[in-house]
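Heads up, the thing below is written out as structure tokens.
Derivation of every value follows stated rules applied to the coordinates shown; laboratory data play no part. Please read all numbers here as calculations on a predicted model, not as lab measurements. So basically every Cβ, Gly included, is an ideal-geometry build from the backbone, and we count neighbours across all protein chains shown.
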Amino acid sequence: MIDLLYKIPEHVAVIMDGNGRWAKRRGLPRVFGHREGAKAVERTLKIANDVGIKWLSVFAFSTENWGRPKEEVNAIMSLLVEYINTKVPHLVKDNIRLRFMGRRDGLPEMILESMYEGEKATEKCDGMNFVVALNYSGKAEIVDAVKKIISSGKREIDEEEFREYLYIPEMPEPDLLIRTSGEKRISNFMLWELAYTELYFTEVLWPDFNEEEFLKALYFYQSRERRFGKVTV
């Protein structure tokens, strides 16, 4: 089925929602949902790479997520360290570059060390880019960009120049955003970059997101006529 795909999006962004609900429905602690969610990341990463997507970005942890119970936050951070440390060799083997997007101030030292090692180990990979939004906020990204512009001394700037001050300036805007679990909002994710992105919402909880569900999202994207505000004749 993958061989039949055409019009492949260059950049797919994912809001991975529903880990907690997945665990709750099974009478399990929320951390079990996050662990199963990590497996869904692996599946999605493989499929994206197989079909030729150049950028895959996932919303792993928002600035608002610090308000969750401390035990859950600690479990998520430990799981992130474990995931980075164990999966980096596989990323290198598959020529996938790992990158992080978000504010690094306030992140635990163990996370920062793993992030640095992961980025360093994959920096020469020139296949797909795998972007993990960590301690990320779309509003914060815009504010941080404005602060950089002010510090540069610029008094005037256009949209293209503004892009240069975002967290990853060379990252293309997402062609497709996937959000799982039935929620229909973008939740402060890539507010600048999602201006003309196609939005796909599914009821499937993130831990259950598999190849079939990903292909459904890609087929949805292929059915869309992207006009970017223009009129086609």
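For 179, 25, 97, which order do you get if you count the other beta carbons within 10 Å of each Cβ and list the fewest first?
On the way: 179 24, 25 11, 97 20.
With the fewest neighbours first, 179, 25, 97 line up as 25, 97, 179.
In the neighborhood of residue 84, defined by Cβ-to-Cβ distances under 10 Å, what is the net charge if each Lys or Arg adds +1 and each Asp or Glu adds -1?
On the way: positive: 87; negative: 82, 113, 117, 119.
So the environment of residue 84 carries a net charge of -3.
Sort 214, 201 so the one with the fewest other Cβ atoms within 10 Å of its own Cβ comes first. Provide the component values of the computation, followed by the final result.
Numbers: 214 23, 201 18.
Lowest to highest Cβ neighbour count: 201, 214.
Under 5 Å between amide H atoms, partner at least 5 residues away or on a different chain: which partners does residue 18 have, H built in plane at 1.01 Å?
The list, which skips near neighbours in sequence, is 206.
Per the Kirkwood formula on distinct C-alpha pairs, the Rh of region 1-159 is how many angstrom? List each step's numbers first, then the result.
Values: mean 1/r = 0.0579 Å⁻¹.
Hydrodynamic radius (Kirkwood, Cα only) of region 1-159 equals 17.3 Å.
Using a Gaussian network model of the chain whose springs link C-alpha atoms within less than 10 Å, name the residue from 77, 128, 16 with the highest mean-square fluctuation.
77
What percent do you get for the relative contact order of region 12-220 when only Cα pairs under 8 Å and 6+ apart count? Kindly include the intermediate steps, with their values, before the conclusion.
Working: 305 pairs, mean separation 60.7, N = 209.
Here the relative contact order equals 29 percent.
With θ taken as phi - 60° and the coefficients 6.51, -1.76 and 1.60, list the Karplus ³J(HN,Hα) couplings across region 32-49 in order, rounded to whole Hz; mark glycine and proline as x.
Calculated HN-Hα couplings, in order: 5, x, 5, 5, 5, x, 5, 5, 5, 4, 4, 4, 5, 4, 5, 5, 4, 5 Hz.
Can you figure out the FRET efficiency of residue 154 with residue 65, using R₀ = 25 Å and their beta-carbon distance, to the nearest 0.05? If you can, show how the numbers build up before the last one.
On the way: r = 33 Å, r/R0 = 1.31.
Given R0 = 25 Å and the Cβ-Cβ separation, E is 0.15.
Take the alpha-carbon centre of region 170-184, take the same for region 101-142, and report the distance between them in whole Å.
With region 170-184 and region 101-142 each reduced to a Cα centre, they are spaced 18 Å.
Which residue fluctuates the most in the chain, going by a Gaussian network model with Cα springs under 10 Å, if the choices are 68, 103, 155?
Largest GNM mean-square fluctuation: 155.
Fewest to most neighbouring Cβ within 10 Å: what's the order for 115, 190, 110?
Working: 115 21, 190 24, 110 13.
By the 10 Å Cβ count, ascending, the order reads 110, 115, 190.
Work out the charge dipole of region 134-207 with +1 on the Cβ of Lys and Arg and -1 on the Cβ of Asp and Glu about the Cα centre, then indicate which of 200, 165, 140 is farthest towards its positive end.
Checked the options; the winner is 140.
Grab the other residues whose beta carbon is less than 15 angstrom from that of residue 146, score K and R as +1, D and E as -1, and report the net. Walk me through the intermediate numbers first.
Numbers: positive: 103, 139, 147, 148, 154, 155, 163; negative: 141, 144, 156, 158, 159, 161, 164.
The answer is 0.
Using a Gaussian network model of the chain with C-alpha springs under 10 Å, which one of 183, 123, 212 is most mobile by mean-square fluctuation?
Evaluated over the chain, the most mobile residue of the options is 212.
Holding the Cα-Cα limit at 27 Å, pick out from 87/184; 54/154; 7/139; 46/216; 54/87 the pairs that are longer than that.
On the way: 87/184 31 Å; 54/154 32 Å; 7/139 31 Å; 46/216 16 Å; 54/87 19 Å.
Too far apart for the 27 Å limit: 87/184; 54/154; 7/139.
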